[in-house]
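What follows is calculated from the coordinates using simple rules that are stated; it is not laboratory data. This is a predicted model, so every value here is computed, not measured. Cβ coordinates were reconstructed from backbone atoms using ideal geometry, including for glycine residues, and neighbour counts include every protein chain displayed.
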Amino acid sequence: MSALAALLPLALIASGMPVFLALLAAAVAVTLWVAPMPPMVLHQVVFGGLDTYALLAVPFFILAGELMGRSGIAARLIAWALALAGRIPGSLGVATVGASAVMGVISGSSAAAVGVLGRALYPRLVAEGWTPARAGGLISAAGAIDIVLPPSIAMILYGLAAEQSVTQLFLAGIIPGLVIAAAMVGRVLVSARRMPAGAGLGLAEKLRATRAAAAGLIMPVAILGGIWSGVFSPTEAGGFACLYAIIVARFLYRSMSWGEIVMAAGEAAILSAKILIIVAAAGLMTYILTTHGVPQALSGWIAAQALPGWAFLLAVNLVLLAVGCVLDPTSAILVLAPLLAPAAVAAGVDPVHFGVVMTVNLAIGMFTPPFGLNLFVASAVTGLAAPVLWRGVLPFVLVQCAALAVITYVPALSLALIR
């Protein structure tokens, strides 16, 4: 059953079928011929998969990103990142990673960040000389940073499932998120060493770019400050981000009329629908795997081995990297964290550090073929076929796995800010 559930949608996607139809077709095939269940269950799971409070952040942050793009906020952030990148080959790729990190602190949603960056940066990357596969792969992989940096919805879910402090988890994710970003920048610099160098800017120009981007740079500070002070929840922060973007676009920059704001809302609704229909179909596949005990069997096997800390973490990494390919982070955390967190404590692993390790694993799964959600979002935004994106992300999978190894076996990176 597991092999059919994984291979059938892979084959259908490779044949060119839309992603959500491929997932639904595979789910129907499994339920009809392998693991029969009442047809009504399929409808309930598809719609129930969208009945999640955390998912409200996705359309809000997509709208905020659309407003940022149309009003010039995102362009100023990108120009600021380019100014800091300086005169180096592939500076736009470095700026993409930097902009993704800033977007991560604004949104906390990897899918939303990929949607925003894909619209804003993919055409520019291709125009600069990046192949479509490499450009799409960079944007898909850079979005994974957003799951680790606060505010992280995945961290919130882990805190609830493993009974850990969300505030400590947020602090623990800062340095590992920056490590991943640094690894991504290193890979970009190596791959782009033969590309044209960016324009070098003096200190005055860099300060001017910083002033121009000040409104966008203040947004993540306001969002994190609001969350940590208890003014609003991470999901409600999406609504705040929309309001902030509207105020900046309409009254500060005066770059958008009310009619254009309504048009941006319409575009955000269309993109949200493209993303959420895939989320609904993926939720059905998640339900089928979960109800047949595949994730539970994997985690139970690990716990039964009574491994020492280093071996336990190695085994968990291997399993979570595999699980992340077929399960979304929300489902994986809610199913596996209650089972694995006690086993981690028994193996001598700090539960907060383990939460970071688990989150980084599942962040990599967000852009790992075949079912990484970032790939689906990037495909919807850029128009690239799934196999093209698969080729583009493979180098970044290896880079982030190397960063994962460092984060896993140097717990001080996760615990330095909370000890």
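Restricting the calculation to Cα atoms, the chain shows an Rg/Rh of 0.96 when the hydrodynamic-style radius is the Kirkwood one.
Dividing the alpha-carbon Rg of the range 202-282 by 2.2 N^0.38 Å yields what? Taking N as the residue count of the range 202-282, the ratio is 1.38. When peptides 358-369, 141-152 are ranked by their average number of other Cβ atoms within 10 Å per residue, the highest-first order is 141-152, 358-369.
Compactness check for the range 349-419: Cα Rg over 2.2 N^0.38 Å is 1.33. Could you give the angle, 0 to 90 degrees to the nearest 10, between helix 57-71's Cα long axis and the longest principal axis of the Cα atoms of the chain? Its long axis makes an angle of about 20 degrees. For the chain, relative contact order (Cα pairs under 8 Å, six or more residues apart, normalised by length) works out to 27 percent. What angle do you read, to the nearest 10 degrees and between 0 and 90, between the alpha-carbon axis of helix 110-128 and the longest principal axis of the chain? That works out to roughly 50 degrees. Rounded to the nearest 20 debye, the dipole size of the chain about its Cα centre is 1240 debye, using +1 on the Cβ of Lys and Arg and -1 on the Cβ of Asp and Glu. Along the range 133-144 the Karplus relation, 6.51 cos²θ - 1.76 cosθ + 1.60 evaluated at θ = phi - 60°, assigns HN-Hα couplings of 5, 5, 5, x, x, 4, 5, 4, 6, 4, x, 5 Hz to successive residues, with x for each Gly and Pro.
Net charge near residue 72, counting Lys/Arg +1 and Asp/Glu -1 over other residues with Cβ under 13 Å of its Cβ? Cβ neighbours under 13 Å give a net charge of +2. Helix-only arithmetic for the chain: the sum of -39500 (n - 2.57) across DSSP H runs with n ≥ 4, divided by the residue total, places the mean residue ellipticity at 222 nm at -25000 deg cm²/dmol.
Sorting the segments 131-138, 222-229 by their residues' average number of neighbouring beta-carbon atoms within 10 angstrom, most packed first, yields 131-138, 222-229. Restricting the calculation to Cα atoms, the range 58-145 yields a radius of gyration followed by a Dmax of 11.9, 36 Å.
Each of 165, 366, 219 was scored by the projection of its Cα onto the charge dipole of the range 52-415, and the greatest displacement toward the positive side belongs to 219; charges sit on the C-beta of Lys, Arg, Asp and Glu.
Packing order of peptides 409-416, 314-321, 173-180, highest average first: 173-180, 314-321, 409-416 (average count of other Cβ atoms within 10 Å over each peptide's residues). Name the shape class, rounded, prolate or oblate, that the alpha-carbon gyration tensor gives for the range 319-358, where a ≥ b ≥ c are the square roots of its eigenvalues, rounded holds for a/c under 1.5, and otherwise prolate holds if a/b is larger than b/c and oblate otherwise. Taking the square roots of the gyration eigenvalues as a ≥ b ≥ c, the range 319-358 is prolate.
How far is helix 214-228 tilted, in degrees, relative to the longest principal axis of the Cα atoms in the chain, given as a value from 0 to 90 rounded to the nearest 10? For helix 214-228, the angle is close to 40 degrees.
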